[in-house]
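Inspection log for the structure reproduced underneath, given as structure tokens.
The values are calculated or read from the model by the stated rules, or taken from the named source; none is laboratory data. The shown structure was predicted, so the numbers you read here are calculated from the model rather than taken from an experiment. Reconstructed Cβ throughout: ideal geometry from the backbone, glycine too, with neighbour counts over all protein chains shown. Accessible surface is based on the protein model in full, side chains and every heavy atom, while ligands, DNA and RNA are left aside. Shrake-Rupley method; radii C 1.70, N 1.55, O 1.52, S 1.80 Å.
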Amino acid sequence: MHQDLEKMIVLQGHDVEAKRLRDEMTALPKHVAALETKAKATQGQRAVVLDLIAKEDALRRRQESDIADLRQKIARTQKKIDLATTTVQVTALEHEAAFAKAEISRLEDAELESMERGEALETHRVLADTAVDEAAAILERERVRAAETVARDQLALAEADAKRNALRAEVLLSPTGEASLAAYDRIARAKGSAVSEALHQQCTACQMMLRPQRWNDLRDNSPDSTASTSILSCENCGRMLYYDPARDSPGRKPVQVESIAAQIVRSL
């Protein structure tokens with residue numbers, strides 16, 4: 001394997017980890033903001049329920065007041081009936097009393113309906129209170145978790161960046177290091193990753209089959225092989241290819257063999 005490629009395999013691992021950490025640190029504040037929005041929406045829904053409960057309470061108070069007024073009116077009308085001296089007066093006063101009684105009956109029915117709506121709204125209020133408490137608890141828990149995770153990720157990112165910078169400096173010490181790093185950066189910007197393992201005669205990044213000659217060159221570990229003197233690329237996606245014999249042995253029983261990537265990390 002080309003000496004620059006050995007280091008760039010490990011470099012890509014650090015790059016992937018650094019990207020994961022940056023993505024996580026970017027996503028966590030958005031996650032917390034979404035929970036804040038949800039908590040506010042839950043509070044808004046509870047406020048609507050409380051407003052409806054208050055309106056029903058006010059409506060029942062008006063109905064009760066109107067019923068009390070009508071009963072007083074009936075009492076006054078009854079006294080007038082007792083004092084009336086003509087049939088016409090009695091008839092008119094009785095009609096007035098009957099109308100008041102009918103209005104009381106209507107108001108009592110409406111009050112009963114309002115009480116039923118109020119009971120249903122009380123059930124919704126209990127649910128809304130629970131939802132608000134749960135949303136607040138989740139928000140507080142996620143705020144704490146996000147703060148702890150970001151702090152931890154910042155330290156891990158600083159460590160990963162230090163390892164990346166040190167490894168890039170090592171690659172630059174190679175006669176071909178500058179060109180190798182330039183190619184690595186160009187491919188990584190375009191594809192998201194610059195190095196891909198060749199496994200079972202395929203590029204694991206794009207899943208395209210390799211030509212037999214290229215596959216043979218990758219599998220040849222001799223010092224003067226093509227793969228040792230130059231970095232071979234996938235003819236489809238352009239990523240730099242490497243072959244790990246520990247992971248590609250379909251013709252024999254699995255054997256515990258240390259992978260190339262692990263060997264490289266251990267030797268650094």
Enumeration of residues in the stretch 100-119 that are open to solvent by less than 50 Å² (accessible area, probe 1.4 Å) and of a type outside the set (Asp, Glu): ALA100, ILE104, LEU107, ALA110, SER114, GLY118
Those residues of the stretch 76-89 which are of a type in the set (A, V, I, L, M, F, W, C) and either touching an Asp or Glu at 6+ places or on another chain (Cβ under 6 Å) or open to solvent by 100 Å² or more (accessible area, probe 1.4 Å) (or both), in sequence order: LEU83, VAL88
Filter result for the condition that a residue is over 31 Å from the mean Cα position of the chain (by Cα), of a type outside the set (Lys, Arg) and surrounded by 12 or more Cβ atoms within 10 Å (Cβ to Cβ), over GLU159, GLU170, GLU142: GLU170
Positions within the stretch 48-61 being without any contact (Cβ under 8 Å) to a residue 24 or more places away in the chain and touching a helix residue (DSSP H, G or I) at 6+ places or on another chain (Cβ under 9 Å), in sequence order: VAL48
Scan of the stretch 145-156 for residues that are open to solvent by less than 60 Å² (accessible area, probe 1.4 Å) and either basic (Lys, Arg) or in contact (Cβ under 8 Å) with a residue 60 or more places away in the chain (or both), ordered by number: ALA146, THR149, VAL150, ASP153, ALA156
Selection status of LYS73, over 30 Å from THR42 (Cα atoms) and loosely packed, with under 13 Cβ neighbours inside 10 Å: no
Matching residues in the stretch 145-156 - criterion: being closer than 15 Å to ALA27 by Cα and of a type outside the set (Ser, Thr, Tyr): ARG145, ALA146, ALA147, GLU148, VAL150, ALA151, ARG152, ASP153, GLN154
Residue match in the stretch 38-53 (condition: touching a Leu at 6+ places or on another chain (Cβ under 8 Å), closer than 28 Å to ALA146 by Cβ and open to solvent by less than 90 Å² (accessible area, probe 1.4 Å)): yes
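Could you list all residues from the stretch 61-70 that are within 26 Å of HIS124 (Cα to Cα) and open to solvent by less than 40 Å² (accessible area, probe 1.4 Å)?
GLN63, the sole residue that qualifies.
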The listed residue being over 18 Å from LEU21 (Cβ atoms), in contact (Cβ under 8 Å) with a residue 40 or more places away in the chain and not β-branched (Val, Ile, Thr), out of GLU170, GLU113: GLU170
Helices (runs of 4 or more DSSP H) fully within the stretch 136-243 counting 2 or more residues that are out of contact with any Pro (no Cβ under 9 Å at 6 or more places or on another chain) and not small (Gly, Ala, Ser): 177-191, 212-219
